[in-house]
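Right, one structure below, let's go through it.
The values are calculated or read from the model by the stated rules, or taken from the named source; none is laboratory data. Predicted model, so just to flag it, every value in this text is computed and none were measured. Positions of Cβ are backbone-derived with ideal geometry, glycine not excepted, and every protein chain shown enters the neighbour counts. Accessible surface areas use protein heavy atoms only, side chains included; no ligands, DNA or RNA. Shrake-Rupley method; radii C 1.70, N 1.55, O 1.52, S 1.80 Å.
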Amino acid sequence: MNAAVRSHGKTTQIWQWWDWDSPVTTGPDKNIIVNEWLSDPLARANSGYKTIGTQDGPLYVSAGFGSTPGSYAFFNVNTTYSNYAFASHENVLGYRVSRWSDKSYGLSNDFYDYLSRRPLAVVAERTWSDTKTTAATFLDRYEQIGDAPTGRTSLGTELGGNIGAAGPAVSKLGWTTTATSQETAGENGSAANATDNNPYTMWHSKYSSPSSTLPQSLTVDLGNVQRLSGTKYLPRQDGGRGGRIKDYEVSVSKDGTTWTPAVEGTFDWYPTYDKSPGDKNWPMEWSEEIMPFTADVDARFVRLTALSSYVESYASVAEFNVIKAQATLTAPTPLNVVLADDADASKILPGQAVTVRVLDVQPGSSATLKLGSAELGSAVANSDGVVTFAVTIPADAKPGKATLTVTGTDKNGMETSGSLPVTLIDATTAPDTTAPTTTATIDKTPNAAGVYTSAPSVTLSATDDFGIQSTQYMLNSGVWKDYKAPVAIPEGATTFSYRSTDTSGNVEATKSLAEFKVHTAQKAPELSLLIDGSIPGTVKAGKSYEVTVGELLPGSAAELWLHCEPVLLTNLETTASGTATTTITIPAGTKVRAHNLVLRGLNAAGIKTEASFALTVTAGAKSDGGPTADGSVSDGSTPSSSSPSKSTTPETGRSADLAHTGAMIVPWLAGGIMVLLLGTALLVRRRPAGHGKL
């Protein structure tokens, strides 16, 4: 694998693992970089390997295991800063913090973010700085610098649990810290521990007899009045749960006598399972909490009051920090660049003298003007914040599109810039006669039948060396409309045409997209049967009938079948309107019973579909050669007199015996039937709930 990686000009890195349990007789190539895990990287470097130090313990963080100093994979910032060698060697490429997620289920992202911040700062300090101080001094300096900034523009509730959003803190060197009670008998829970820049000591309210119950307060004296925006609370870091604050209040004072509330709230316990906070098997996060004030304040004294706790009626604090107020961050204001004397920015000649004005500049500040990468000059803003450049466009400037760019300072004193697009023309050549070019983009794709089942939109983009005056479009043979936004194609068949005009008046030849076929409403096909009898849905075996279909894909093929025993009656092709008319013949051998006439084809959206029409097949006349009333097929000869049939008369519903020749039908009934047979044919359309379209 190393050979494959190096064949691409890359370098392989591996985690030291092959010899972690016992000695081995082989090892990786010397051109592989080793991340040394079990020991200081110096020994591996001495053996010829390029190494990166990431030693288990001093440089290793695993939130699911390490909850107290000395536990597995717990990064102790004090001991790593003070005691770890951070050896230098030509083969030691550097050191890194390895952050692992073993047993991480249920722990928050903010918690992992918190765990790596101070360890990364320790590694940066010890590898990049030539001066080593004490861990407490380093951590105090770290708090004053602050965590990595975010894009926030003001201090407020948007800080949330983001450790990096708080900003720099006030130095704790020289503070005086007191508390309403402190535990000194059962442990060293002195109030001073909360502000000693050591996260592994803590203030704990008094629990030895007689104990002090909540509320309990911790008060710090900063030494002088400062502008403040919030505080930070670091819970105890020894894995204990006692005194974990729940509800809190922070108040401030200038004189230590008159106090004003600054913020109140509830700290999260970070519940990870459906268990109570008192469950000692329940993982608990111990990352820093931010308490941003509702507004910036001037104060010398700051007081944290624990109103309630999650476990036992005590309070504990590992570290308490006070955040400095910062100026509200605002974005720079872009400079406004214009041409004076109503000069046309779309028609500037190389060698032409122009006057460029820049507005909204900080009075008295300097600004610089460029055309592309060529600097044209610098000038100073007047008392109104206007910079005027009287410059000449370079004679060798290439005709075409270009940009005048100004860099300077806005009225708020922030570095910023502004620009003005221009077009340079060549007066020695023929005038612009080239039409613009417009490109059309469709946001959807038709199906295999070329039909859009959801309405597409067309986006137009025009380009021209001298600028676009307008872009237009037209649907079918309508009127030209100005293009401003993507155009939705309507239902049905639509031809989309488009063109653009440039600033020289050149009009692009009309372009058209292939006809859009849009069918978003999935209509079922239509099936109609024209019957020359008087009983709807009844046909005779052996007879021919006219069938009309509709709502199909224009120009597509379809089939008509007769069920229940499938018989293909005919193939047909639809017209440009999606309809077709054909003649079918009911096979002479069709059984006398209920059947379905079934249409199979593509609907208007090009999707395979079918529709059916219920039919009752009756016996054809003997001369038709169709089936007899008992379902057998007649060849037209006289049947045996021993085979009588029965029929139900439409008028009475009574059964009547019919002679095998049919001569027993009363003359008036026969005459009535003849009249009906000579009448107008009936068009029957069947719906799922009645007659009509399917």
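A few comments on the model shown:
- Within the set Ala605, Ala588, the sole residue that is at pLDDT 80 or above and either among the hydrophobic types (A, V, I, L, M, F, W, C) or part of a strand (DSSP E or B) (or both) turns out to be Ala588.
- Yes/no for Thr434 being touching a residue at least 24 places away in the same chain (Cβ under 8 Å), in a loop (DSSP other than H, G, I, E, B) and open to solvent by 60 Å² or more (accessible area, probe 1.4 Å): yes
- Residue list for the stretch 582-603, filter: open to solvent by 60 Å² or more (accessible area, probe 1.4 Å) and closer than 30 Å to Tyr452 by Cβ: Arg600
- Residue check for Pro334: modelled with pLDDT of 85 or more, part of a loop (DSSP other than H, G, I, E, B) and over 42 Å from the mean Cα position of the chain (by Cα): no
- In the stretch 196-234, of all residues being aromatic (Phe, Trp, Tyr) and open to solvent by less than 10 Å² (accessible area, probe 1.4 Å), the one that is nearest to the chain's Cα centre (by Cα) corresponds to Tyr233.
Results for (1) hydrophobic (A, V, I, L, M, F, W, C); (2) touching a residue at least 60 places away in the same chain (Cβ under 8 Å); (3) out of contact with any helix residue (DSSP H, G or I) (no Cβ under 9 Å at 6 or more places or on another chain), shown as yes or no for each residue.
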position: Ala4; (1), (2), (3): yes, no, yes
position: Thr12; (1), (2), (3): no, no, no
position: Trp15; (1), (2), (3): yes, no, yes
position: Asn31; (1), (2), (3): no, no, no
position: Trp37; (1), (2), (3): yes, yes, yes
position: Asp56; (1), (2), (3): no, no, yes
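- Restricting the stretch 532-563 to residues that are more than 21 Å from Ala580 (Cα to Cα) and buried (at least 18 other Cβ atoms within 10 Å of the Cβ) leaves a set whose member that is modelled with the lowest pLDDT is Gly533.
- Screening Ala4 on (1) in a loop (DSSP other than H, G, I, E, B); (2) open to solvent by 40 Å² or more (accessible area, probe 1.4 Å) shows it passes everything except condition (1).
- Scanning the stretch 313-331 for residues that are at pLDDT below 90 and touching a Ser or Thr at 6+ places or on another chain (Cβ under 9 Å) yields Ala325, Gln326, Thr328, Leu329, Thr330, Ala331.
- Those residues of the stretch 475-509 which are over 37 Å from the mean Cα position of the chain (by Cα) and either exposed (fewer than 13 other Cβ atoms within 10 Å of the Cβ) or closer than 25 Å to Ala605 by Cβ (or both), in sequence order: Ser477, Gly478, Val479, Gly505, Ala509
- Subset of the stretch 19-47 [assigned to a loop (DSSP other than H, G, I, E, B) and closer than 26 Å to Thr80 by Cα]: Asp19, Trp20, Asp21, Trp37, Leu38, Ser39, Asp40, Pro41, Ser47
- Annotation: Ala136 fulfils all but one of (1) of a type in the set (Gly, Ala, Ser); (2) modelled with pLDDT under 80; (3) open to solvent by 10 Å² or more (accessible area, probe 1.4 Å); the unmet one is (2).
- Matching option when the condition is of a type in the set (Asp, Glu), modelled with pLDDT under 95 and surrounded by 15 or more Cβ atoms within 10 Å (Cβ to Cβ), among Asp29, Asp40: Asp40
- You will find that of Val361, Val380, the residue that is under 18 Å from Gly418 (Cα atoms), of a type outside the set (Lys, Arg) and surrounded by 16 or more Cβ atoms within 10 Å (Cβ to Cβ) is Val361 and no other.
- Here the condition is being at pLDDT below 90 and either surrounded by fewer than 16 Cβ atoms within 10 Å (Cβ to Cβ) or in contact with an Asp or Glu (Cβ under 9 Å, 6 or more places away or on another chain) (or both); of Ala395, Ala374, it holds for Ala395 alone.
- Matching residues in the stretch 86-105 - criterion: being closer than 11 Å to Ala63 by Cα and either modelled with pLDDT under 75 or assigned to a loop (DSSP other than H, G, I, E, B) (or both): Ser101, Asp102, Lys103, Ser104, Tyr105
- Those residues of the stretch 57-68 which are part of a loop (DSSP other than H, G, I, E, B) and touching a Ser or Thr at 6+ places or on another chain (Cβ under 8 Å), in sequence order: Pro58, Leu59, Ala63, Gly64, Phe65
- Per-region count, the stretch 547-598, residues closer than 19 Å to Ala521 by Cβ and not hydroxyl-bearing (Ser, Thr, Tyr): 7
- Verdict on Lys444 being open to solvent by 50 Å² or more (accessible area, probe 1.4 Å), in contact with a Ser or Thr (Cβ under 7 Å, 6 or more places away or on another chain) and of a type in the set (Lys, Arg): yes
- Per the conditions (1) surrounded by fewer than 18 Cβ atoms within 10 Å (Cβ to Cβ); (2) modelled with pLDDT of 95 or more, the sole criterion not satisfied by Lys347 is (2).
- For the condition surrounded by 14 or more Cβ atoms within 10 Å (Cβ to Cβ) and more than 30 Å from Ala345 (Cβ to Cβ), Tyr452 qualifies.
- Failed condition for Val518, given (1) open to solvent by less than 50 Å² (accessible area, probe 1.4 Å); (2) modelled with pLDDT of 85 or more; (3) farther than 27 Å from Thr445 by Cβ: (3)
- Search result, residues across the stretch 66-95 that are in contact with a strand residue (DSSP E or B) (Cβ under 7 Å, 6 or more places away or on another chain) and either under 12 Å from Pro199 (Cβ atoms) or buried (at least 17 other Cβ atoms within 10 Å of the Cβ) (or both): Ala73, Phe75, Phe86, Asn91, Val92, Leu93, Tyr95
- Search result, residues across the stretch 565-610 that are basic (Lys, Arg) and free of Cβ contacts under 8 Å to residues at least 12 places away in the same chain: Lys608
- Gly186 being modelled with pLDDT under 90, open to solvent by 10 Å² or more (accessible area, probe 1.4 Å), of a type outside the set (Lys, Arg) and in a loop (DSSP other than H, G, I, E, B): no
- Pick from the stretch 7-18, criterion open to solvent by less than 60 Å² (accessible area, probe 1.4 Å), in contact with a strand residue (DSSP E or B) (Cβ under 9 Å, 6 or more places away or on another chain) and part of a loop (DSSP other than H, G, I, E, B), ranking: modelled with the highest pLDDT: Thr12
- Test: Gly385 is on the phi > 0 side of the Ramachandran plot and more than 43 Å from the chain's Cα centre (by Cα): no
- The stretch 40-80, residues that are among the acidic types (Asp, Glu) and over 20 Å from Arg126 (Cα atoms): none
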